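Participant: Just passing along the structure, written as structure tokens.
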Amino acid sequence: GNSVTQMEGPVTLSEEAFLTINCTYTATGYPSLFWYVQYPGEGLQLLLKATKADDKGSNKGFEATYRKETTSFHLEKGSVQVSDSAVYFCALRGSGAGSYQLTFGKGTKLSVIP
Amino acid sequence: EADIYQTPRYLVIGTGKKITLECSQTMGHDKMYWYQQDPGMELHLIHYSYGVNSTEKGDLSSESTVSRIRTEHFPLTLESARPSHTSQYLCASTDGSSGNTIYFGEGSWLTVV
């Protein structure tokens, strides 16, 4: 079955530091890949997505590239801000018939300190 | 911007009470989901529906039940709440192909005392 493994947290960075959160996946076919963000006390918001190999998703300074050869979708940001403090979830949605569900990683909590 | 709404956002109730968490979406999505999020943040799918009068149990066994009488509405009910049901419950919806985004509501925080 499908699975997602992401970097365990928590991660604490200083403001303006470079961020990488690793995410690798196992899936058959050609899944779509997503990063969701959850701010304190809120639901999940889509941060970015990529639907095919070599696609790069980007939003709010965050980027992730769909690497089929390494089955990875690592999240990066060049300069984090305090407002980026949140929990980040990597997820995939399969490509087969009836693939209407998301498989999530366990989440990585990011804290950015001034 | 996702048009999916959950009520109540926060609820504290006593053991043994019946509660219903409401979820509505105005996007015409046929597929809806309920996730339970534990304190360690991990998300577990507890129910899903692919259309009216269609409901299925998810990966995590749950004592809650759901119904899908209208496309836009997917309520979750606990007949007799227990402290072990204390959690955050997230509703989501989508349509179409695998590349389509699944949208989440803001969540319902349930505390059973």
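Participant: For chain B, give the magnitude of the charge dipole about the Cα centre (Cβ charges: +1 Lys/Arg, -1 Asp/Glu; no others), in debye to the nearest 20.
Facilitator: 380
Participant: I'd like the mean, over residues of A:81-87, of how many other protein chain beta carbons sit within 10 Å of each residue's own Cβ.
Facilitator: Counting Cβ atoms of other protein chains within 10 Å of each residue's Cβ and averaging gives 0.
Participant: With a cut-off of 8 Å between alpha carbons and a minimum separation of six or more residues, what is the relative contact order of chain A in percent?
Facilitator: Across chain A, relative contact order equals 37 percent.
Participant: Residues in the range B:34-68, backbone N under 20 Å from the label point at B:SER84 (7 Å along the Cα-to-beta-carbon vector): list them, ranges by number please.
Facilitator: Counting only backbone N, you get B:35-47, B:57-66.
Participant: If you don't mind, there's one more thing I want to ask. To the nearest 20 Debye, how big is the dipole of the protein assembly as shown about its Cα centre, given +1 on the beta carbon of each Lys and Arg and -1 on that of each Asp and Glu?
Facilitator: It works out to roughly 340 debye.
Participant: Could you work out, residue by residue across A:27-37, how many beta carbons of other chains sit within 10 Å of that residue's beta carbon, and then give the average as an integer?
Facilitator: For peptide A:27-37, the averaged partner shielding equals 2.
Participant: Can I ask one more? Could you tell me whether the protein assembly as shown comes out rounded, prolate or oblate from its Cα gyration tensor? Rule is a ≥ b ≥ c as square roots of the eigenvalues, rounded for a/c under 1.5, then prolate if a/b exceeds b/c, otherwise oblate.
Facilitator: oblate
Participant: Taking 30 Å as R0, compute the FRET efficiency from the Cβ-Cβ separation of B:SER67 and B:MET41 and round it to 0.05.
Facilitator: That gives a FRET efficiency of 0.60.
Participant: Oh, and also: State to the nearest 20 debye the size of the charge dipole of chain A about its Cα centre, where the only charges are +1 on K and R beta carbons and -1 on D and E beta carbons.
Facilitator: Approximately 340 debye in magnitude.
Participant: Taking the Cα centre of each part, how many Å lie between the range A:19-35 and the range B:41-66?
Facilitator: 23
Participant: What is the pair-distance distribution P(r) of the range B:1-70, computed from all Cα-Cα distances in 5 Å bins starting at 0, with each bin given as a whole percent?
Facilitator: For the range B:1-70, the pair-distance distribution reads 3, 13, 21, 27, 22, 10, 3, 0.
Participant: Based on alpha-carbon atoms only, what is the radius of gyration of chain A relative to the globular estimate 2.2 N^0.38 Å?
Facilitator: So the Cα radius of gyration is 1.03 times the expected 2.2 N^0.38 Å.
Participant: Count the lysine pairs in the protein assembly as shown whose Cα atoms lie under 14 Å apart, taking only pairs 8 or more positions apart in sequence or on different chains.
Facilitator: Lysine pairs meeting both conditions in the protein assembly as shown amount to 6.
The numbers here are math on the coordinates, done by the rules we state, and not lab data. Computed from a predicted model, the values in this text were never measured in an experiment. In this analysis, Cβ positions are derived from the backbone assuming ideal geometry, glycine residues included, and neighbour counts consider all displayed protein chains.
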